[in-house]
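First up is the structure itself, then whatever we jot down about it.
The values are calculated or read from the model by the stated rules, or taken from the named source; none is laboratory data. For clarity, every value in this text was computed on a predicted model and none was experimentally measured. In this analysis, Cβ positions are derived from the backbone assuming ideal geometry, glycine residues included, and neighbour counts consider all displayed protein chains. Heads up: the accessible areas ignore ligands, DNA and RNA and are worked out on the full protein's heavy atoms, side chains in. Shrake-Rupley method; radii C 1.70, N 1.55, O 1.52, S 1.80 Å.
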Amino acid sequence: MLRISKMTDYAILLMVELTREGETLSAHALANRIHVEVPTASKVLKLLTGANLLQSYRGASGGYRVNRPAEQVSVAEIIAAIDGPIAMTECSVEEGLCAQEAICSLRGNWQRISIAVAKAMAGVSLAEMAQPVKPGPGPLHITTLNA
């Protein structure tokens, strides 16, 4: 099963919360709003700031603010800020990371799949993530996609 990390999930929640308010919010306030520990929120906020998705401000009224409108921030950017490049396998990002590389012919196909997943995630904006969507009837299965 393909999953994003818990830290990336928190990053998306934090970014959505910041775009909803449109104001500068402290790490403590954000942690309380998304129900995570302050050190966890602080770590994620630091990574998002380092990726230039957020601006941080010091002082008594300091905190964090998004750098761009939610419509201009993609889910792919947030994932990359926390987890690195979007890839299904190590070999689809860079040569030489897999011990099986010399005998495996799947790298090109994994690259195609990784590109498709990255494009799909790049096509979903933070603004779209902020809009509630009614969940489907159950778990998503390959047969659901082929219907």
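Things to note:
- Under the simplified labelling scheme, the residue 3-residue 23 pair shows an inter-label distance of 3.6 nm, with each label point 7 Å from Cα along Cα→Cβ.
- Amide H partners (placed H, <5 Å) of residue 73, local residues excluded: 126, 127
- Ranking 3, 58, 20, 68 by solvent-accessible area of protein heavy atoms (1.4 Å probe, all protein chains present), from largest to smallest, gives 58, 3, 20, 68.
- Accessible surface area normalised per residue over the chain is 66 Å², counting heavy atoms of protein chains with a 1.4 Å rolling probe.
- Accessible area of the chain belonging to carbon and sulfur atoms, whole % at 1.4 Å probe: 56
- If you take all other residues with their beta carbon under 13 Å from the beta carbon of residue 97, and give Lys and Arg +1 and Asp and Glu -1, the sum is -3.
- For the stretch 64-130, GluC sites (Glu not before Pro) meeting the loop criterion (DSSP other than H, G, I, E, B) and having at most 16 other Cβ atoms within 10 Å: 94, 95, 101.
- Among residues other than residue 86 with Cβ under 11 Å from its Cβ, the summed charge is -1 (Lys and Arg +1, Asp and Glu -1).
- The HN-Hα couplings worked out from phi for the stretch 124-135 by the Karplus form 6.51 cos²θ - 1.76 cosθ + 1.60 (θ = phi - 60°) are 10, 8, 4, 4, 5, 5, 6, 8, x, 10, 5, x Hz, whole numbers, x standing for Gly and Pro.
- More than 18 Å apart - percent of Cα-Cα pairs taken over the chain: 63
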